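Presented below is the structure to which this report refers.
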Amino acid sequence: MASNTEQLRRTLQEAVVKCSERCLYQSAKWAAELSNSLPETPSTSTSFNSDPDSQMQDADLPPSVSTFLSSNPDPEEARLEAQELSKYLLAKSYFDCREYDRCAAVFLPSILARGPLTPTSPNAKTRTPTKAGKGKAKESSPNSENGATPLSNALPRLSQKSLFLAMYAKYMAGEKRKDEENEMILGPADGGGTVNRELVGLARSLEGWFADRAAKGLEGSNQGWLEYLYAIVLAKGKTDEDAKRWLIRSVHRCPFNWGAWLELSGLLSRFEDLQKIVRELPQNIMTVIFHLYASQELYQYTETTHHQLNELERFFPESQFLKTQRALLFYHSKDYDEAESIFSTLLHADPHRIDGLDEYSNVLYVMAARPKLAFLAQVATATDKFRPETCCVVGNYYSLKSEHEKAVMYFRRALTLDRNFLSAWTLMGHEYVEMKNTHAAIESYRRAVDVNRKDYRAWYGLGQAYEVLEMHLYALFYYQRAASLRPSEPSMWQGVAKCYDMVDRPVQSIKAYKRSLVAETYYNQGSSFGSSATNGGASQGVLSPQTLHAIALLYEKMGQLDEAASYMEMTMAQEGPGEDDDDEVRGPGTGVTNATSQARMWLARWEFARGDLARAMELANELCNDSVEVEEAKALIRDLRARMETGRSPS
Amino acid sequence: MSRYLTPSKIGLLALISLYTESVVPSAATIPILSFLVSHILPVNSAASQHTSSLQARHVTLAIEDFQKATISYVSGRPGRTIWDLLLDKLWKINSFDALHIFFDTLSKLLQKPPDEQQQDAEDGTESKSNHIRLSRASPMGSFVRRAQLEFTRLQFHDGVTLWRKFVAYRAPTLPQWKKRNQSADQISFDANLQEEHLNLGDRLTDVVYGELAHGAGHGASMSTEDMEKLLEYQIDQMQRMGNRLPQAMKAKFRAMLDIGVTVPNLSHYVAFLDAWRSGDYPSSFDNLHRYFDYTMHNRDRTFYQYALLNLAILHADFGCHSEALAAMQETISAARENNDMGCLNYSLSWLYHFGKAHPEEMDDIQKKGVLGTEKEALAFLKAKAKETSMWGLLSTSLLSEAKLALSSGDSIAQAFESIVKSSHLNVTKNVANAAGSQMSMQSSIFGRLGVSCQAWLSGELFLQCYTDQSPVEDVVHCICRSALLLAQRGKYDDALTRMEEVDEETLRTLRHSQYWTSNLGLIKLRRHLHRNNLVAADMILAQLQAPPNLPQDLQFAIANLEIDLNVRRGDYSKAMDILENLASRLIDGDADVFQRIKVMTLKARIYSKVGIPQKGFSVALRAASLAHRARLLPALWEAIGAVCAILISLKEFSAAAKLLDSIMPQTLECEDCNLSAQTFSLLADAHMGMAGQTKAETLPRKEQMTKALDNIGRSFDEFSRIEDIKGQCEMMAKKATIMHLNGDPVLANDCAAKYLDIKRAAKDQR
């Protein structure tokens, strides 16, 4: 175990160095955090991983993982890397200063024709590389995307590391420009239509490069980083399947690049996709972590997932990442107290950590814990007030205070800081719905969905917004999407059902309502009693009277009165046995609600119509006692009396 | 630095809400309310002096002040003072969210707007609690509303900053709070910390309340609004009083401004004023431009004309007259364009006074006819001032009118009428800072009329009553003036101590210190001249002539003394040269009559000194008639003295004696020792001459001789009062001669010995 851990630690450290060499900061951070969450082993490791000044000790460690630069086992690559070391350092420092174009230019002398999105750009292939192009044979391969033009590798001969850095810098430069062109959030230029203009050039050169490698039979010595970059480019071009393929290739070559896994999980839209893909993945610990993460993202809060998480935590007992995943699982299963306590311990352990605080704030929002949410916002602001997560926390706080304008302001700020910050788009949509600005809400939700197609809240929000606009058929589509993402969430199904009802398809509507009832019971089994705060009175064994009532009404509409009556009875039954004082006795029933009393009224009338006057009288009297519609009930009683007095005539 | 809200304002709000909860018993109502109101009401610069200074003193309100104001009053709840309740209220704000709730609930203190009231009346939900509702427009109501609005405007992190400051502000009261509330402890300032059982050393606490946990308190927390208030007060003081920032104050301001990120624009203006007063020309320009660059368009008003106005005054102050005039003309046209009557009138009046001070620069303006002739200009200004009810301007215009009347030799009564009018205005409209110029005007009129004691009295009156509220410039002038009067009476030491009365702070302003040193120099120069200490006098004179841009009257006095110096040296031709030079400058019709007469008299006196008195006859006579017309009595007596000297030289002794006899009482009234000494000496000469015309050894001769001796004695007394060695010696010599003539050698010898004694004493003193 100990040696295993040690080896894992070493691998992770190497991964950190490699990622930071390629300026993949987030991946480096992730790997470093993970490596530090490994349990401490006695002897060597104490000074090795916790001491920041460990370079001194590094020298006498035999395997010598240089903290500055990683060594490359491939002799050819190592030779190239050694050759271009000074240029590489220059490029890296440019990248660190965010001078992306300049960084790219160190290695790629203006060769990638960026610019318009014309499918082919003749310049790119006619112009030969000015500097390093001498020995490069122009091999061509059939182009899969735009088959007409053969592709040549126009890239200079470089080590893969430098090449990756240069290309990545190009990509980043394009992203930066794209963001600049978008201007204001939801402004006129921010239609989501702007694209990264570097993509075409990058895709073509990378393709050429890969073809070249393949032709030379060097594919085996590819390092995986360029594959990762290529996959990103492909994913941006909406060719998901290709992107997935290349990502899988990449994670085979270098499994410790968390960014690649993230991309991969972003491309999965259903749990089935994940199951399909798992078989193609390498068998190592990263796959397990990925599987866990993807399951969480796809709302698989099942026992197996928890089990998986337990397994992983044996390896990484201190990992904040894994703890966050656990908290999110609890959050998805609506166990808010549990999620809150995990988040709270995380916050105490590392108060400067802002990652995931937005999720924490969502939990607090649902729990309506205002002082705590304010405190959380205070903590986040103290660390960095210009992080999208911080802005989201603050926005959530204002939203909870019903100051929607301010909330929108903060969500917008979050988006200005990072346009791909998904939860801000969704939350902003919610705020716009609150402010009755449906069009802005729809746009926000749409952008959220564009960033991440797994966000059921955004889909649901879209549905709601269209429902407000009375475009039910449209809304139906979105509700369906939401319901397919969260089949266990009753409100999704209720939305679907309502829309079906509106577009006059009662059969489907009834089906959807029934699904919602099923989902409800599922929840009641799955979660503890205390977490039911949001769900009204959905306590154990009790179904939502509103849903039952709605089903009953639908049956009535379809003319199946017996069915309707039985559902009305069910609705009424949800009041529970002790229906004397609705507020004080919180037995297993819901007590008298609007829905149940309406059901009772309906039943009373129905009985009246059927001629069962005694039962009608009984129901009407009950109504008079504790219902909302006393006047109507009294009128009914009067009718009943009149009918009874005139002799028991048949109905 | 927050814009408006500070922890102390939260304290005030809490106190207000306590007040509305009707727990303040009626005995404490008035003190509590007045405490509140004195901190809520905005500083009103138009209000009287005392309130504004009071406000400035309380610009930062410590928690101890709350304690002092409230602890002595028992509240409506048994066993609790109002301070206890206030503490309770403050400590109940135990998280940032609670602070939000506190501000949200503030609206419950206010009366509902009318439509909501109506709604309530319809719904019948009128609350019957005994809460006081503040009217929305009342001072407290508007304070509450403003605070609420400002809180809504706060960005989240600004809110957090306010909260942390509030926690720090409240922290010292923890022990007191603990007494009433046992469960309170170190971290009860935030409920969230308490809930999680964190302590001060915890990492999370450290992130959120870092500096609090380490005990590093903030300084006085100020809001930008407080700061602006303070700066406004400062500017008001500086502009009204014309003094500089004291050093300690400056350091404090700097420290305050260093805390905040947003430097209020006004601070540039303060810097400008300070640099200006200290005579730092380039940096005052720099700061003026900086200020107006930042505020050119502020609150939808343009301040271009004010920028120009300041620029013009600045230019003028540093002696760039033509630039100043150009800037002022631009100001006038800008003010006209923007319809800013206040600015326009002020600049016109400034232009008028500038023209009075520097007539040579005004040709251009005269030609363009911006102001017309002086009288027209004054009439225009008066009318305008009355129109826009700028009483200060009207008052000064009236004074200018009086001055004009005096200098052009119009009737005295008319001048007095103007002065009285101005005085009436000052009193009825409470124009406190115009009192100085009015009093000094009065004093100078009395001086001109030769009623020295009245002149002295008005000066004293001003110093006694108006020192605190008048521009420092007026005070300095008045002190210098009275010192000069004292020196004229020969009370040099008194004069010097009077000069020392000027506040040291005042002299940090360049202009004031220049004026003050020049006057001090004048007094000393005169003393040295009288003591015949010519080398020292020469030195002082050189120093006096060094600084440029002295006021014209000072320059004239210096030239006068220079002539005197040369006369005493016996260098008459040089004295004459200087005199001619001086006279040629005064040839202009606009020059002050007093100076012209003075020059003429001096000329006549020099002629008589060099032994050709008849040459000065016409000059002396003209001087006398001019002085008579202008009611410049001291000058008139002096001129008559010159005429008498000529008469004596023409052997018209009895006429001279008659003339001198008749002016003698009024001369004495002037309390000018030099003048009376001279006159007595002349009278003695006249009597001596008359004695010479009678036969020897007769009674009339003896009589005349006795009279002459008597007058010589008086003249000697006057001379010795002003320590004039030469005059004393002369008198002694005359006396000795007369004694000798009388055939009394012993007495003559005595006098001669005295003569030598005086000379020796003077030499020793040197």
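Laid out as a table, the results:
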read-out: Peptide-level mean, for B:90-96, of C-beta atoms on other protein chains within 10 Å; value: 2
read-out: Alpha-carbon centroids, the range A:162-186 and the range B:487-556: separation in whole Å; value: 76
read-out: Nearest-20 debye value, chain B charge dipole, Cβ charges on Lys, Arg, Asp, Glu; value: 1900
read-out: Per-peptide average of other Cβ atoms within 10 Å, ordering A:425-438, A:266-279 highest first; value: A:425-438, A:266-279
read-out: Rough spin-label spacing in nm, given labels placed 7 Å along Cα→Cβ, for A:T287 and B:V420; value: 11.5
read-out: Cα lying deepest toward the dipole's positive end in the range B:570-650, options B:L579, B:L650, B:M600, charges on Cβ; value: B:L650
read-out: Charge dipole (chain B, unit charges on Cβ, about Cα centre) - positive-most of B:G616, B:M249, B:L529; value: B:G616
read-out: Net charge, B:E638 excluded, C-beta distance under 11 Å - Lys, Arg +1, Asp, Glu -1; value: +1
read-out: Packing-based order for B:480-488, A:9-17, B:568-576, using average beta carbon neighbours within 10 Å, highest first; value: B:480-488, A:9-17, B:568-576
read-out: Global form of the protein assembly as shown, assessed from the alpha-carbon gyration tensor, a/c cut-off 1.5; value: prolate
read-out: For the range B:570-650: rounded, prolate or oblate by the Cα gyration tensor [a/c cutoff 1.5]; value: oblate
read-out: Charged-residue dipole, Cβ positions (Lys, Arg, Asp, Glu), the range A:410-485 about Cα centre, Debye nearest 20; value: 240
read-out: Nearest-ten-degree value, helix B:7-20 long axis tilted from longest Cα axis of chain B; value: 70
read-out: Per-residue mean of C-beta atoms belonging to partner chains within 10 Å, peptide A:345-354; value: 3
read-out: Förster radius 60 Å - calculated FRET efficiency between A:E181 and B:V37 (Cβ-Cβ, nearest 0.05); value: 0.60
read-out: Listed residue (B:G713, B:A736, B:S681) projecting farthest to the positive dipole end of the range B:664-766, Cβ model; value: B:A736
read-out: Helix axis angle, B:534-545 relative to chain B longest principal axis, alpha carbon, degrees; value: 40
read-out: Label-point gap, in nm, between A:H306 and B:L747 - each point 7 angstrom along Cα→Cβ; value: 13.6
read-out: Computed E for B:A655/B:N549 - FRET, C-beta separation, R0 30 angstrom, nearest 0.05; value: 0.05
read-out: Net dipole in debye of the protein assembly as shown [+1 Lys, Arg Cβ; -1 Asp, Glu Cβ; about Cα centre; nearest 20]; value: 4520
read-out: Efficiency of FRET from Cβ geometry, A:S566 and A:E618, R₀ 25 Å, rounded to 0.05; value: 0.90
read-out: In nm, spacing of pseudo-spin labels at B:K759 and A:A78 (7 Å Cα→C-beta vector); value: 11.6
read-out: Shielding by partners - mean other protein chain Cβ count within 10 Å, residues of A:400-412; value: 1
read-out: Amide N proximity, the range A:407-451 versus A:M471 label position 7 Å along Cα-to-Cβ, cut-off under 14 Å; value: A:438-447
read-out: Cα gyration tensor shape of the range B:664-766, rounded if a/c is under 1.5, else prolate or oblate by comparing a/b with b/c; value: oblate
read-out: In Hz, Karplus ³J(HN,Hα) per residue of the range A:211-220 (6.51, -1.76, 1.60; θ = phi - 60°; x = Gly, Pro); value: 4, 4, 4, 4, 5, 7, x, 9, 4, x
read-out: The range A:352-371 and the range A:277-350: distance between their alpha carbon centers, rounded to Å; value: 18
read-out: Between 0 and 90°, nearest 10: helix B:412-428 axis offset from chain B longest Cα axis; value: 20
read-out: Sorted by Cβ density within 10 Å, fewest first, the residues B:C320, B:C453, B:C644; value: B:C453, B:C320, B:C644
read-out: Burial order of peptide ranges B:144-153, B:556-565, B:169-178, B:694-703 (average beta-carbon count within 10 Å, highest first); value: B:556-565, B:144-153, B:169-178, B:694-703
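Every number in this text was worked out from the coordinates using simple rules, so none of it is lab data. Remember, predicted model here, so these are calculated numbers, not experimental data. Here the Cβ is made from the backbone with ideal geometry for all residues, glycine too, and neighbour counts use every protein chain on show.
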